[in-house]
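Visitor: Below you will find the structure I want to go over with you.
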Amino acid sequence: DKGNHRHFMAKEIAEQPEVVGHTLACFIDMAAGRIRLPDGADVDFSKLDRLAISACGTAYYAGLVARYWFEKFARLPVDIDIASEFRYREPPLSSGGLALVISQSGETADTLATLRHCRAQGMRIGAVVNVPTSTIAREADVVFPTVAGVEVGVASTKAFTCQLSVLAALAVKAGRDRGVLSEDDEAKLVSALVELPRLMAEALRLEPEIERLATTFAKAQDVLYLGRGTSFPIALEGALKLKEISYIHAEGYAAGELKHGPIALVDENVPVVVLAPYDPLFEKTASNMQEVAARGGKIVLVTDGEGPEHAGSAFAVLTLPKAYAFVSPMLYAIPVQLLAYHTAVFMGTDVDQPRNLAKSVTVE
Ligand code: M6R
């Protein structure tokens with residue numbers, strides 16, 4: 001049931017504050033302001049020397065964000081692979097170590113193959129999964145549920161922000177287990193998570209502005225997305241979303257990588273979406289943005305706080321509510337989802353069932 005939405009994707013984007021709230025409630029003791037893993041899902045991260053993450057598509061991008069968190073908050077080295085490549089790299093795996101797979105459907109063939117490969121090497125398997133009855137949920141040792149509800153749109157939206165929320169909670173737990181975060185640090189990070197659903201609801205109010213921008217994007221042949229730090233995987237996600245439902249060619253790049261090649265693509269016909277929260281990384285990304293501006297690129301700056309004051313000659317600025325840098329990936333996911341959605345609607349593509357794609361990919 002689409003409710004009063006035109007597409008499942010629109011409904012699923014709009015549901016995010018609610019389902020992220022439900023998901024976080026499974027991982028946070030709200031009264032104590034502490035992380036509390038669901039019953040039966042306990043992991044002691046102090047015993048690990050590495051974490052191996054694998055997933056496909058959007059779920060892989062959630063894992064890429066999580067790497068920043070686990071390494072920063074828990075000083076836990078993370079290896080992350082696209083599930084379809086994991087085995088071919090023949091990574092040395094530590095028996096007794098933890099492999100984390102991430103999947104909305106819990107049926108993705110490559111992700112399942114990774115799980116079985118890691119299990120055969122004696123690893124314990126944790127799964128961040130949305131469908132509790134799925135094969136991946138059944139075969140994992142520990143299930144970390146995303147409570148996104150059924151996701152119908154082929155383009156993953158609410159499952160992604162729920163995956164990020166679970167991974168954020170796990171990274172804080174890991175930080176405590178490993179003695180890197182104090183009780184105080186935990187309380188601050190947890191309060192940022194508790195605030196998140198409200199901030200996501202605020203972010204959704206950018207929709208009318210984004211809908212207007214979509215008319216420009218619909219005319220583009222190529223679109224670039226740039227981000228630094230945890231905004232880099234969100235740039236990759238923004239590009240994937242646009243490609244899969246509007247069929248416009250899009251690429252996400254680390255902002256600093258631009259001048260190593262892709263800037264050659266930039267001219268006045270190329271919209272460049274710059275994801276730059278006003279945090280300690282802002283200034284560097286803003287200078288990459290100036291490089292784009294100097295070549296006539298059409299910049300859409302997505303930022304918060306004092307960011308808009310540094311927008312220069314940007315074509316458009318989307319201002320998100322100010323938030324802890326920690327939770328910005330979940331917030332910055334929203335405008336890129338909405339931009340892809342409205343561009344596709346404007347172009348008249350089949351948003352919920354884009355060509356050549358299936359909701360769950362059960363062949364390798
Ligand atoms: O069900 P999964 O999370 O394992 O699916 C992984 C990818 O197939 C999926 O995220 C795909 O990339 C989406 N169409 C992205 O919107």
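The values are calculated or read from the model by the stated rules, or taken from the named source; none is laboratory data. Not measured: the values here are computed from a predicted model. Heads up, the Cβs are rebuilt from the backbone with ideal geometry, glycines too, and the neighbour counts pull from every protein chain shown. Each accessible area value is taken on the protein alone, full model and side chains, heavy atoms only, with ligands, DNA and RNA left out. Shrake-Rupley method; radii C 1.70, N 1.55, O 1.52, S 1.80 Å.
Visitor: Quickly run through region 328-364 and pick out the residues that are under 15 Å from the mean Cα position of the chain (by Cα), more than 15 Å from the ligand (Cβ to nearest atom) and small (Gly, Ala, Ser).
Guide: Passing the criteria: only 328.
Visitor: Give the residue that is farthest from residue 221 (Cα to Cα), with candidates limited to residues of region 235-250 that are open to solvent by 30 Å² or more (accessible area, probe 1.4 Å) and in contact with a strand residue (DSSP E or B) (Cβ under 6 Å, 6 or more places away or on another chain).
Guide: Only one residue tops the list, namely 236.
Visitor: Residue check: is residue 159 open to solvent by less than 40 Å² (accessible area, probe 1.4 Å), not β-branched (Val, Ile, Thr) and not in a loop (DSSP other than H, G, I, E, B)?
Guide: Judged against the criteria, residue 159 is a match.
Visitor: Can you pull out every residue in region 119-149 that is part of a loop (DSSP other than H, G, I, E, B) and away from the ligand (no atom under 12 Å from the Cβ)?
Guide: Within region 119-149, 121, 122, 123, 132, 133, 140, 141, 147, 149 meet the criteria.
Visitor: Ok, one more. Go through region 321-364 and give me each residue that's over 17 Å from residue 239 (Cα atoms), open to solvent by less than 80 Å² (accessible area, probe 1.4 Å) and of a type in the set (A, V, I, L, M).
Guide: Residues satisfying the conditions are 323, 325, 327, 358, 361.
Visitor: Within region 98-149, can you find the residues that are open to solvent by 10 Å² or more (accessible area, probe 1.4 Å) and under 17 Å from residue 64 (Cβ atoms)?
Guide: Once the filter is applied, which keeps residues that are open to solvent by 10 Å² or more (accessible area, probe 1.4 Å) and under 17 Å from residue 64 (Cβ atoms), region 98-149 yields 104, 108, 110.
Visitor: Is it fair to say residue 74 is at pLDDT 95 or above, within 15 Å of the ligand (Cβ to nearest atom) and more than 15 Å from the chain's Cα centre (by Cα)?
Guide: For residue 74, the condition - at pLDDT 95 or above, within 15 Å of the ligand (Cβ to nearest atom) and more than 15 Å from the chain's Cα centre (by Cα) - is not met.
Visitor: Any idea which of 264, 294, 286, 255 is closer than 17 Å to residue 310 by Cβ, free of Cβ contacts under 8 Å to residues at least 12 places away in the same chain and of a type in the set (A, V, I, L, M, F, W, C)?
Guide: Selected residue: 294, the only one of 264, 294, 286, 255 that is closer than 17 Å to residue 310 by Cβ, free of Cβ contacts under 8 Å to residues at least 12 places away in the same chain and of a type in the set (A, V, I, L, M, F, W, C).
So that you can scan it fast, the table gives a plain yes or no per residue for (1) closer than 21 Å to residue 329 by Cα; (2) in contact with a strand residue (DSSP E or B) (Cβ under 9 Å, 6 or more places away or on another chain); (3) at pLDDT below 95; (4) open to solvent by 60 Å² or more (accessible area, probe 1.4 Å):
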residue: 266; (1), (2), (3), (4): no, yes, yes, no
residue: 272; (1), (2), (3), (4): yes, yes, no, no
residue: 275; (1), (2), (3), (4): yes, yes, no, no
residue: 290; (1), (2), (3), (4): no, no, yes, yes
residue: 295; (1), (2), (3), (4): no, no, yes, yes
residue: 301; (1), (2), (3), (4): yes, yes, no, no
residue: 309; (1), (2), (3), (4): no, no, no, yes
